[in-house]
Each structure stands twice: as C-alpha cells, then as structure tokens.
Amino acid sequence: MRVIGHLPTEASATTLRDYLYFHGIVNEIDQEAEGWGIWIHSEDEIAKAKEILEAYRRSPDDPKYRRQAGQAGLRRAREATAEEAEEELGGAQVMRSSMAYGAGALTTVLIALCVIVHVLKESGYEDKVLRELCMTSVRIEGQFYKAALGLPEIRQGEFWRLLTPILPHRDWLHLCFNMMWLFLLGSLIEARQSTGKLGLLVVLVGVFSNLGQYWWAGPAFFGMSGVVYGLLGYIWMKAKFDPASGFFVHPYTVALMLIWFVLCLTRVIPDVANGAHAAGLVLGVLWGFVASLPGMRRV
C-alpha cells in the first residue's frame with residue numbers, strides 16, 4: 001500500500017476515495033501532517049490513481065466526481081447490506097444495514113450527555129434534572145403544573161429549555177432505543193457530510209420538535225425521539241432525491257420507524273411524545289427534500 005498524494009480537506013479526500021472506489025481502485029484515506037493522504041492498495045493501480053488525483057486537483061468542482069462518488073457510497077452500503085442479509089435476519093440486520101461508518105464525534109458526545117443525564121436522574125436527582133432541563137421548572141407532586149403552559153422561564157431568557165428536553169429519558173429502555181437510532185443516523189450524517197451539519201440538524205429539529213410537542217400536549221415531555229425522526233426524514237429524502245450524496249437508508253428501516261410512528265400516534269403504544277415525533281419527521285423530510293434540489297445540495 002502506497003500514498004499517492006494529499007488533499008487539504010477530509011471532504012475532498014472522501015470524494016476522491018469514493019470516486020476511485022467507483023472505478024475499481026481500492027484505497028484508503030488518512031489524516032497526516034501534510035493533509036489527507038490517499039493510500040492505494042495495489043501497486044498496479046498507482047499510475048491510474050495518480051492520473052485521477054491530478055485531474056481531480058485541476059477540476060475538483062466537476063460534477064462527475066461528486067456524482068460518481070455518491071454512487072460509490074450507495075454501492076458500498078448496498079454491498080454491506082447484502083452481506084449482512086446473508087448472515088442475519090430480523091431487526092438486527094435492519095439496524096446494522098443503515099450503519100456503514102464508524103461512530104461520529106458529535107454523535108458520541110450526545111449519547112454520552114444523555115447517558116450522564118439519565119444516570120443523574122436515576123441516582124436521586126430526578127426532580128433537579130427535570131427542573132433544569134425541561135421546558136418548565138414548575139412541578140407539583142411530580143406533575144407539571146398547567147399554569148406553566150405560558151413557559152415563563154423561556155420568556156425570562158432561559159432559552160436552553162427549548163432544546164434541552166431532548167437529553168432526559170423516561171427509563172433505560174427509552175434511552176437505549178433512542179441512543180441506538182441516534183448512533184446509526186447521526187454517525188451516517190457526520191460521515192457523509194460533517195459534524196457541523198449534524199449539530200445544526202440536532203439543534204433546529206430538537207427545538208422544532210419540542211415546540212411541536214408543547215403545542216400538542218403541554219410541557220410534560222422529554223426524550224431524543226423527535227430528533228431521531230428528524231434525522232431519519234432528512235436521510236430518507238437525501239437518499240431518494242440526491243443519490244450522489246452517498247446517503248443510504250434501508251427500506252426496512254424506514255418501514256419500521258413509520259410503523260412505530262403510527263402505532264404511537266394511534267395510542268396502541270401509549271404515553272409517547274407524538275407531537276415531537278410528527279414535528280421532527282416533517283421538518284426532517286422537508287429539509288432533506290429541499291437540500292436535494294439542484295442548487296441546494298450544500299444546504
């Protein structure tokens with residue numbers, strides 16, 4: 001294996017990596033002092049790979065690179081899915097087929113924050129945690145007081161309450177379920193786009209889904225599920241309408257999440273933040289669709 005050159009950014013190196021893969025050249029990228037190194041596995045492909053690298057440096061904005069790189073990412077994900085399908089059945093295969101990359105940095109931080117908050121909540125600090133992180137701090141005998149519907153704390157400047165209800169969870173099952181999907185979907189967005197893009201999605205979808213749930217049923221709610229549905233909607237639309245983005249989500253994954261959404265909405269599964277689910281999914285779908293339109297694909 002030999003390095004053929006360097007590119008200045010991870011995004012450009014990732015595009016070239018996938019473009020080379022599309023043309024049958026097995027390669028890896030690695031961050032080094034000079035930039036992102038392009039490593040070619042086979043000595044027989046060194047000359048061809050160098051030729052492609054130089055052409056890419058001359059015209060990095062040529063649409064063919066992004067288009068074929070995206071097709072390579074889609075092919076790689078489908079190949080991984082096909083291999084897993086031969087080995088596994090059921091829900092485990094459905095979940096793993098959506099995850100073709102390592103854990104993202106922000107995804108890991110968000111999961112760690114949720115776990116820490118839950119441990120504090122389960123260690124005798126539940127009242128304190130919910131008072132500080134939910135949309136209102138007013139509680140009477142364990143219930144959010146109806147007078148808090150005016151959200152006085154937010155009107156007084158405690159704006160973090162618009163987002164922080166995504167951190168606490170009801171119980172360990174609730175936490176594990178949401179963290180599993182956050183790990184899969186969040187890591188995919190970080191891998192194909194950036195940590196910053198995931199952060200923007202989490203903040204805007206989190207606030208929007210929290211406000212949706214507040215409008216739906218009041219301030220007595222918490223959990224990451226609204227964000228999870230937003231990320232799913234975004235990835236779903238990008239995979240469908242912008243295949244060059246490299247996003248891929250297994251149809252079984254979409255079906256499973258939508259079935260769960262309907263079961264919760266019809267109260268077959270009770271005590272769920274349906275407003276957050278609906279608002280997050282709608283915003284994620286709209287964002288993903290608009291970001292897939294020609295001229296908007298960097299949004």
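The values are calculated or read from the model by the stated rules, or taken from the named source; none is laboratory data. This structure is a prediction, so every number in the text was calculated from the model and none was measured. Note that we place each Cβ from the backbone using ideal geometry, even for glycine, and neighbour counts take in every protein chain shown.
Taking the options Gly280, Gly196, Gly275, name whichever one is without any contact (Cβ under 8 Å) to a residue 40 or more places away in the chain and either in the same structural domain as Phe159 (by TED's automatic domain parsing) or surrounded by 17 or more Cβ atoms within 10 Å (Cβ to Cβ) (or both).
Gly196
Which numbered condition in (1) more than 29 Å from the chain's Cα centre (by Cα); (2) of a type in the set (Asp, Glu); (3) closer than 20 Å to Thr195 by Cβ is the only one that Glu10 fails?
Unmet for Glu10, out of (1) more than 29 Å from the chain's Cα centre (by Cα); (2) of a type in the set (Asp, Glu); (3) closer than 20 Å to Thr195 by Cβ: (1).
Consider only pairs whose beta carbons are under 6 Å apart and that are at least six residues apart or on different chains; among these, list those whose first residue lies in the range 1-24 and is over 16 Å from Ser42 (Cβ atoms) and whose second residue is among the charged types (D, E, K, R).
These pairs meet every condition: His6/Glu34.
Taking the range 118-137, which residues are closer than 11 Å to Pro165 by Cα and part of a helix (DSSP H, G or I)?
Val129, Leu130, Arg131, Glu132, Leu133
Give me the residue from the range 24-56 that is of a type outside the set (S, T, N, Q) and in contact with a Lys or Arg (Cβ under 8 Å, 6 or more places away or on another chain) and, out of that set, farthest from Arg67 (Cα to Cα).
If we take residues in the range 24-56 being of a type outside the set (S, T, N, Q) and in contact with a Lys or Arg (Cβ under 8 Å, 6 or more places away or on another chain), then Glu43 is farthest from Arg67 (Cα to Cα).
When Phe247 is evaluated against the numbered criteria (1) in contact with a Gly (Cβ under 6 Å, 6 or more places away or on another chain); (2) of a type in the set (A, V, I, L, M, F, W, C); (3) assigned to a loop (DSSP other than H, G, I, E, B), which criterion, by number, is the only one it fails?
Answer for Phe247: the failing condition is (1).
Look at the range 1-34 and say how many of its residues are in a strand (DSSP E or B) and under 18 Å from Ala191 (Cα atoms).
The number of residues fulfilling the criteria is 6.
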